[in-house]
Ligand code: AMP
């Protein structure tokens, strides 16, 4: 079902309560990456352009334990940054509910931007408490959710509040749904999923979900060794999840039954120890000696992936091909980032470490869509309904 967009509702003269994801990394009192703040700007700008609107922003920051109001989790640092980015005053509220905030909102004028204090200062937020949601809802005439990163959580500010106000998705959530939904329902074919990362256990649900719509799948990264073990190959000291060997066998059979080609790495770059400075040792097949650990895919694997991606019309990539954090073992991941960036297909990076990789290697602006939510993207691609989005469906 399609989500209702911010563009579908009349916001004229309304106080608009917007859930954004301002959960930015803060070290020593400084914001180290403002991407999440910048990502919210198009929606804020759009709403401010509607006649007579006041913007009321709400978010969480960090994980205040049991709803404790610790100053290190205050959003005031974000208010300053947002004000700097917008070149406009941002009014920082002392709380997110209660009389003082209600008064502040009541006295606000069109064009004002108010940022409410951390919603996780109340344990009722994560508990999705209806009374707390109602108190938040009291602050606005309409509710816009633009926090894709927390859309997989049914919290008061992401789900509960939608029950009490006319609600719609902000431009960020709208874009996420626009790119992610077709992947599960009707991707442009041929559709190739490239899945890597550490563990089968954390990716099996996404593998099974994508198997329903993809024409071919590349399985790389640490999790590929459990699959190769399941196929009777020697994996040396590489990452193995013993408990998932059976799951891997079943998955390989399911793919064969569906006639979906699975491309496993053909060769490996290994190391004697798992470390940044370990010397790369090339193994030209999937028979890794007992003393070695598989760290990256080799050139033959890269060629096989290139061939598979050449005709793709849709590509989803989630998870690195190797230990890309170590310079000696990032060639496979760089190669995939390059292939995805240079492809003419609809290309979607599905969150998490592949987002860090595409950013680090400088290709982010060459893909159709880089998803902003790690856990949320994964759950979306697993086919799970995200409560924050379900609440906005037409
Ligand atoms: P994930 O969050 O599941 O996408 O996993 C990402 C992590 O997988 C990264 O930190 C990589 O270093 C790690 N990874 C990828 N390939 C390997 C490998 N061959 N051995 C160990 N870890 C790996």
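The numbers here are math on the coordinates, done by the rules we state, and not lab data. Computed from a prediction, not measured in an experiment: that's the story for all the values here. Ideal geometry is used to build each Cβ from the backbone, glycine not excepted, and the neighbour counts take in all protein chains shown.
A few points about this structure:
- Among 11, 86, 292, residue whose mean-square fluctuation peaks in a GNM of the chain (springs only between Cα atoms under 10 Å): 86
- Calculated FRET efficiency, residue 13 to residue 369, Cβ-Cβ distance, R0 = 35 Å: about 0.55 to the nearest 0.05.
- P(r) tail fraction, segment 128-272 - alpha-carbon pairs more than 28 Å apart, %: 42 percent
- Degrees between helix 76-86 axis and first principal axis of the chain (Cα, 0 to 90, nearest 10): 90 degrees
- Relative contact order (percent, whole number), segment 1-47, Cα cutoff 8 Å, 6+ residue spacing: 29 percent
- In terms of overall dimensions, segment 68-124 has a Cα radius of gyration and Dmax of 11.8, 34 angstrom.
- With the gyration tensor restricted to C-alpha atoms of segment 284-369, the semi-axes of the equivalent ellipsoid amount to 24, 15, 9 Å, longest first.
- Each residue, residue 338 and residue 91, gets one label point 7 Å from its Cα in the Cβ direction; the gap between the two is 5.4 nm.
- Computed log₁₀ I(q)/I(0) - Debye formula, equal Cα scatterers, no solvent, segment 345-394, q 0.22, 0.29, 0.31 Å⁻¹: -0.80, -1.06, -1.13
- For segment 142-198, radius of gyration divided by Kirkwood radius, i.e. Rg to Rh on alpha-carbons: 1.10
- Mean projected area (nm²) of the alpha-carbon convex hull when segment 105-146 is viewed from all directions: 3.6 nm²
- Taking the C-alpha atoms only, the angle from helix 171-185 to the longest principal axis of the chain is near 40 degrees.
- Long-range tail of P(r) for segment 11-81 (Cα pairs > 14 Å, %): 63 percent
- Pairwise FRET efficiency - residue 68 versus residue 106, Cβ, R0 = 22 Å, nearest 0.05: 0.20
- In plain terms, if you count all Cα to Cα distances in segment 231-294 and split them into 5 Å steps from zero, the share in each step is 4, 16, 21, 20, 17, 12, 6, 3, 0 percent.
- Taking the Cα atoms of segment 6-132, the ratio Rg/Rh between the radius of gyration and the Kirkwood radius comes to 0.95.
- Dimensions of the chain based on its C-alpha atoms, expressed as ranges along the principal axes with the largest first, amount to 71, 44, 36 Å.
- Cα Rg, Dmax (largest Cα-Cα span) when computed across segment 79-188, Å: 15.7, 52
- Evaluated at q = 0.18, 0.21 Å⁻¹, a Debye calculation over the C-alpha positions of segment 160-227 (equal weights, vacuum) places log10 I(q)/I(0) at -0.78, -0.90.
- If you plug the beta carbon distance of residue 31 and residue 51 into 1/(1 + (r/R0)^6) with R0 = 45 Å, you get a FRET efficiency near 0.90.
- Rounded tilt (10° steps) of 35-49 against the dominant C-alpha axis of the chain: 40 degrees
- Residue-averaged 222 nm ellipticity for the chain, from DSSP H runs of 4+ at -39500 (n - 2.57), nearest 500: -10000 deg cm²/dmol
- Gaussian network model of the chain, Cα within-10 Å springs - most flexible of 242, 273, 117: 242
- Per residue Cα convex hull volume in Å³ - calculated over segment 210-263: 76 Å³
- Residue order, fewest to most beta carbons within 10 Å, for 276, 303: 276, 303
- Each Cα pair of segment 244-394 feeds into the Kirkwood radius, which the Stokes-Einstein equation turns, at 10 °C and 1.306 mPa s, into a diffusion coefficient of 93 µm²/s.
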